[in-house]
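J.: Below is a structure I'd like to ask you about.
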Amino acid sequence: TSPPSVAHFALSDTALRAGDNATVTLRFSESVVSFSSAADITTDNGTLAAMSSADNVTWTGTFTPTANTEDASNTLSLATSYTDTAGNAGPAATTANYAVETLAPSVDNFTLSDTALKAGDNATVTLRFSEAVVSFSSAADITADNGTLAAMSSADNITWTGTFTPTANTEDASNTLSLATSYTDTAGNTGPAATTANYAVDTLA
């Protein structure tokens with residue numbers, strides 16, 4: 001007449017970003033029947049593949065977080081629809097909290113204040129992301145055509161500004177600044193490449 005209990009219910013990773021999966025382990029105190037992870041476990045912001053077991057006591061399965069999602073509060077919840085081999089119903093249970101951060105940063109704005117640069121001109125370059133980014137360096141991550149971009153700075157790691165100086169004695173009507181994909185958001189999600197609109201350099205006297 002003793003019902004089963006839940007000895008362990010956890011994810012192997014509780015800070016999930018784009019590309020991550022977590023192994024879910026559910027261990028009961030004894031063998032259970034009529035258990036199906038699809039029917040008995042509710043997931044937040046993700047999908048749990050069918051769990052399997054060699055002994056009907058310890059069950060494992062793979063959890064995949066939902067793409068393009070940011071939610072710091074999530075759990076897996078076990079219902080009471082399973083029983084032990086004698087038919088005694090077990091208790092409900094939930095995992096510890098896990099965070100889902102699979103939303104990659106995007107580039108909201110990437111512009112020069114002047115797109116027709118002559119001798120003596122400079123342009124302010126503005127680069128605005130959708131969220132704070134890390135491991136970003138304008139020297140390493142931005143390629144400049146026919147000019148030099150000074151180190152960009154930011155007060156919030158979202159909006160970055162710097163000064164672009166065109167190369168002297170140059171005439172070229174087709175130029176862009178190009179952003180590489182070597183930066184990430186604070187969760188480690190990689191952002192996309194981007195380019196500015198065309199700018200012209202005519203510094204040849």
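J.: With the checklist (1) modelled with pLDDT of 95 or more; (2) open to solvent by 20 Å² or more (accessible area, probe 1.4 Å) in hand, flag the one item Ala187 doesn't pass.
T.: (1)
J.: Taking Pro105, is it crowded, with 19+ Cβ neighbours inside 10 Å, in contact (Cβ under 8 Å) with a residue 40 or more places away in the chain, within 28 Å of Thr47 (Cα to Cα) and not charged (D, E, K, R)?
T.: Numbers: crowded, with 19+ Cβ neighbours inside 10 Å: yes; in contact (Cβ under 8 Å) with a residue 40 or more places away in the chain: yes; within 28 Å of Thr47 (Cα to Cα): yes; not charged (D, E, K, R): yes.
Taking the combined requirement at face value, the residue satisfies it.
J.: Another one. Got at least one residue in the range 51-62 being open to solvent by less than 70 Å² (accessible area, probe 1.4 Å), in a strand (DSSP E or B) and of a type in the set (A, V, I, L, M)?
T.: The answer is no, given that none of the residues of the range 51-62 is open to solvent by less than 70 Å² (accessible area, probe 1.4 Å), in a strand (DSSP E or B) and of a type in the set (A, V, I, L, M).
J.: Another one. Confirm whether Leu112 is of a type in the set (A, V, I, L, M, F, W, C), in contact (Cβ under 8 Å) with a residue 40 or more places away in the chain and under 30 Å from Ala10 (Cα atoms).
T.: So Leu112 does not fit the description; no.
J.: Let me ask another. Would it be correct to say that Thr75 is in contact (Cβ under 8 Å) with a residue 24 or more places away in the chain and open to solvent by 30 Å² or more (accessible area, probe 1.4 Å)?
T.: yes
J.: Kindly indicate which of Thr85, Thr64, Thr47, Thr43 is β-branched (Val, Ile, Thr) and over 27 Å from Glu131 (Cα atoms).
T.: Thr85
J.: State which residue pairs qualify: first residue in contact (Cβ under 8 Å) with a residue 12 or more places away in the chain and inside the range 1-22, second residue open to solvent by 50 Å² or more (accessible area, probe 1.4 Å) and not in a strand (DSSP E or B) in any location, beta carbons under 6 Å apart, and separation of 6 or more residues or different chains.
T.: These pairs meet every condition: Pro4/Ser29; Pro4/Glu30; Ser5/Ser29; Ala7/Ser29; Ala22/Ser12.
J.: Being part of a strand (DSSP E or B) and free of Cβ contacts under 8 Å to residues at least 40 places away in the same chain is the filter; apply it to the range 128-143 and report the residue that is surrounded by the most Cβ atoms within 10 Å (Cβ to Cβ).
T.: Filtering first and then ranking leaves Ile142.
J.: So Leu117 fits all but one of (1) within 25 Å of the chain's Cα centre (by Cα); (2) more than 18 Å from Asp185 (Cβ to Cβ); (3) surrounded by 13 or more Cβ atoms within 10 Å (Cβ to Cβ); what number is the exception?
T.: All conditions pass for Leu117, except number (1).
J.: Shifting gears a bit: Within the range 81-102, count every residue that is in a loop (DSSP other than H, G, I, E, B) and either of a type in the set (A, V, I, L, M, F, W, C) or over 21 Å from Gly46 (Cα atoms) (or both).
T.: Counting residues in the range 81-102 that are in a loop (DSSP other than H, G, I, E, B) and either of a type in the set (A, V, I, L, M, F, W, C) or over 21 Å from Gly46 (Cα atoms) (or both) gives 10.
J.: Looking only at the range 91-136, count every residue that is modelled with pLDDT under 95 and at positive phi and tell me the total.
T.: Residues in the range 91-136 being modelled with pLDDT under 95 and at positive phi: 1 in total.
J.: Among the numbered conditions (1) assigned to a strand (DSSP E or B); (2) of a type outside the set (Ser, Thr, Tyr); (3) open to solvent by 30 Å² or more (accessible area, probe 1.4 Å), tell me where Val24 comes up short.
T.: Result: Val24 fails condition (3) only.
J.: Which of the residues belonging to the range 155-177 are in a loop (DSSP other than H, G, I, E, B) and touching a Ser or Thr at 6+ places or on another chain (Cβ under 9 Å)?
T.: Restricting attention to the range 155-177, the residues satisfying the condition of being in a loop (DSSP other than H, G, I, E, B) are 155-158, 167-170, 176.
Within the range 155-177, Asn157, Ile158, Thr167, Ala168, Asn169, Thr170, Thr176 qualify.
J.: Identify, by number, the condition in (1) closer than 30 Å to Thr195 by Cα; (2) open to solvent by 50 Å² or more (accessible area, probe 1.4 Å); (3) at pLDDT 95 or above that Ser29 doesn't meet.
T.: That leaves (1) as the condition not met.
J.: Please work out which one of (1) within 30 Å of Thr23 (Cβ to Cβ); (2) open to solvent by less than 60 Å² (accessible area, probe 1.4 Å) is the condition Ala67 fails and give its number.
T.: Evaluating Ala67 over (1) within 30 Å of Thr23 (Cβ to Cβ); (2) open to solvent by less than 60 Å² (accessible area, probe 1.4 Å) leaves (2) as the failure.
The values are calculated or read from the model by the stated rules, or taken from the named source; none is laboratory data. Here the structure is a predicted model, which means the values were calculated and not measured. Using ideal geometry, Cβ is built from the backbone for each residue, glycine included, and neighbour counts are taken over all protein chains shown. Each accessible area value is taken on the protein alone, full model and side chains, heavy atoms only, with ligands, DNA and RNA left out. Shrake-Rupley method; radii C 1.70, N 1.55, O 1.52, S 1.80 Å.
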